[in-house]
1. Taking amide hydrogens as modeled 1.01 Å from N in the peptide plane, which residues meet the under 5 Å criterion relative to VAL92, leaving out close sequence neighbours?
2. Collect residues whose amide H, placed 1.01 Å from N in the peptide plane, falls under 5 Å from the amide H of ASN140; neighbours closer than 5 in sequence don't count.
3. Please report the spacing between the Cα centers of the range 31-64 and the range 153-170 in Å, no decimals.
4. For the range 33-201, what mean projected area does the convex hull of the alpha carbons give, in nm²?
5. Work out from phi, with θ = phi - 60° and the Karplus expression 6.51 cos²θ - 1.76 cosθ + 1.60, the ³J(HN,Hα) of each residue of the range 48-53, listed in order in whole Hz, and give x for Gly and Pro.
6. Per-residue HN-Hα couplings for the range 84-101, Karplus 6.51 cos²θ - 1.76 cosθ + 1.60 at θ = phi - 60°, whole Hz, x for Gly and Pro?
7. Which distance in nm do the two modelled labels at ASN140 and ALA63 give, with both placed 7 Å along the Cα-to-Cβ direction?
8. How far apart, in nanometres, would the label points at ARG113 and HIS45 be if each is projected 7 angstrom from Cα along the Cα-to-Cβ direction?
Amino acid sequence: MDFQRAHSTPCVMDRRRGIPQARTPIAQGLLSPKSANELAKRVRHQLARDGADIVAFASEMIAIPSENPPGTYYARCAGLIARWLRELGLDVRIVNPSKQGPCVTGTFGSGGRALYFSGHYDVVPAQDRAQFKPAVRKTNLHGRGAADMKGGIAAMAFAIRALAASGFEPNGRLISVSVPDEETSGPRGTVRSRRRDSSSTTRSAC
């Protein structure tokens, strides 16, 4: 996972990392090319400021051995994700319909439609316990799940936060979804959560 300049760029947010108020909010609806370019510039700037925190979030997840099988550390990993999403200012919800695999959502915006940023926090079993010791080498973060896909969960969460901090107001909701059981296509996670909340995902996209 490449986090170029992640450690050379200082993080200026306070400890809670909440979503700041944008100086010039961008209105809902279709953006003009000029507004889209302005938004993209603000998002890139915010992500550069958050680089060290993105690495920290991913590293904390990597350190939890949420191997599947057996799925022993699912609750611990889900709890960590929920804490970070709250600190990013998202509206957090934890559902556990299987009682064995918590699913975590973090929402920005309101309304019926939703765009889901979906990822899984389970990982395939490690060959060596050292794989759960995250390490940054040059511009890459190494460790079990750095690419598949704890790094992705961190990146998607901070992408939502960057949009919010940049003044973007979605016509609907942006939702970070973190689930277990992807590596074995098991019954916990996305499938079970989708059955439970089928009405809430109508006319939505991932």
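Please treat every number below as a calculation from the coordinates, not as lab data. Source: prediction; values computed, not measured. Neighbour counts are summed over all protein chains in view; Cβ atoms, including those assigned to glycine, are modelled from backbone coordinates with ideal geometry.
1. THR107
2. The answer is PHE3.
3. The range 31-64 and the range 153-170 have Cα centres spaced 7 Å from each other.
4. The orientation-averaged projected area of the Cα hull of the range 33-201 comes to 10.1 nm².
5. Going residue by residue, I get 5, 5, 8, x, 5, 6 Hz, with x marking Gly and Pro.
6. Result, rounded to whole Hz: 5, 5, 5, 5, 7, x, 8, 7, 9, 9, 10, 10, 9, x, 8, 6, 10, x.
7. Simple spin-label model gives 2.3 nm for this pair.
8. Once both label points are built, they end up 2.8 nm from each other.
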